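*Asks:* Okay, here's the structure, questions in a sec.
The values are calculated or read from the model by the stated rules, or taken from the named source; none is laboratory data. Keep in mind that what you see is a predicted model, and the values were worked out from it rather than measured. Please note: Cβ atoms are built from the backbone with ideal geometry, for glycine as well, and neighbour counts cover all protein chains shown. Only protein heavy atoms, including side chains, enter the accessible area calculation; ligands, DNA and RNA are left aside. Shrake-Rupley method; radii C 1.70, N 1.55, O 1.52, S 1.80 Å.
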Amino acid sequence: VLGLGALTKSMGDAGVTVAKLSDIPITTGNSYSASAALWATADAVRRMGFIEMAKGKRLKGKTMVIGATGAVGSVCSKLLATAFEEIYMVDTHDAILLALRESILHEFKDVHVAISTRADKYLPDMDVIVTATSMPVKKMMDIGQVKPGCVITDVNRPLNFTLKDVKKRPDVLIIASGEITLPG
């Protein structure tokens, strides 16, 4: 199986043509990308110990997904809603954000879901941020506004954050997601 991952947009038709011409199965890899990004995020949050964790309970923290209505962002939003008490979803697509919010609230009754077209509105309060947008995140968020100890997972290829950005905020963990080593 070949997963196209972040390359589906550059394929023009989400890899449909590649799949038709290939002798092996092709997948977008979006769910796998979202899952891998969140596994890395969960591991970092556990190791850092900044968020209160109790077995069988949601994390007492706030998380934000920038690019929440995209293929990877919507999966991340739904998965994070299972783990956090509060999730903030940011995107430029108002109607799709509303529909995603309603879907999450219908499935998970005990989670607070806020939506916005602007990340800066809630940014200083976030414990975890996932960037999953093709729009340059620097236009949507100022890394200087992020609180110390925040874990940011950048799911994009190319990455939204540069080494220069990372050096500006040594008190913030930025995970460059997207590369996965398979067993064997």
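*Asks:* Tally up the carbon and sulfur contribution to the accessible surface of the chain as a whole percent, 1.4 Å probe, everything protein left in place.
*Replies:* 57 percent
*Asks:* Rounded to whole Å and ordered largest first, report the semi-axes of the equivalent ellipsoid of segment 55-116 derived from its Cα gyration tensor (root of 5λ).
*Replies:* Over the Cα atoms of segment 55-116, the ellipsoid semi-axes are 19, 11, 10 Å.
*Asks:* If you roll a 1.4 Å probe over the heavy atoms of the protein chains, what accessible area per residue do you get for the chain, in Å²?
*Replies:* Dividing the accessible area of the chain by its residue count gives 56 Å².
*Asks:* May I pose another question? How much length would be gained if the chain were fully extended between Ile24 and Asp125, taking 0.36 nm per residue of separation minus their Cα-Cα distance, in nm to one decimal?
*Replies:* Between Ile24 and Asp125, full extension yields 31.8 nm more.
*Asks:* Per residue of segment 28-45, in order, report the coupling 6.51 cos²θ - 1.76 cosθ + 1.60 (Karplus, θ = phi - 60°) as ³J(HN,Hα) in whole Hz, putting x for Gly and Pro.
*Replies:* Residue by residue, segment 28-45 yields 5, x, 4, 5, 5, 4, 5, 4, 4, 4, 6, 4, 5, 5, 4, 5, 5, 4 Hz.
*Asks:* Let me ask something else about it. Which whole-number percent gives the relative contact order of segment 79-178, counting Cα pairs below 8 Å spaced six or more residues apart?
*Replies:* For segment 79-178, the relative contact order is 22 percent.
*Asks:* Please report, in whole Å, how far the alpha carbons of the chain spread along each principal axis, starting with the longest.
*Replies:* Rounded to whole Å, the extents work out to 48, 40, 36 Å.
*Asks:* Take the cross-link list Lys78/Lys168; Lys57/Lys109; Lys62/Lys147 and give me the ones stretching past 20 Å between alpha-carbons.
*Replies:* In this structure, Lys78/Lys168 exceed 20 Å between Cα atoms.
*Asks:* Based on DSSP H runs of at least 4 residues, each adding -39500 (n - 2.57), what is the mean residue ellipticity at 222 nm of the chain after dividing by all its residues, to the nearest 500 deg cm²/dmol?
*Replies:* -9500 deg cm²/dmol
*Asks:* Taking the simple approach of a point 7 Å from Cα along Cα-to-Cβ for both His112 and Arg169, what is their distance in nm?
*Replies:* 2.1 nm
*Asks:* Just want to confirm a number: the relative contact order over the chain, from Cα pairs under 8 angstrom separated by 6+ residues, in percent.
*Replies:* 19 percent
*Asks:* Would you kindly state how much longer the chain becomes between Ser103 and Glu85 on full extension, computed as 0.36 nm times their sequence separation minus their alpha carbon distance, in nm to one decimal?
*Replies:* Extra length from Ser103 to Glu85 when fully extended: 4.9 nm.
*Asks:* With a point put 7 Å past each Cα toward its Cβ, work out how far Trp39 is from Asp13 in nm, to one decimal.
*Replies:* Each label point lies 7 Å from its Cα, and together they span 3.2 nm.
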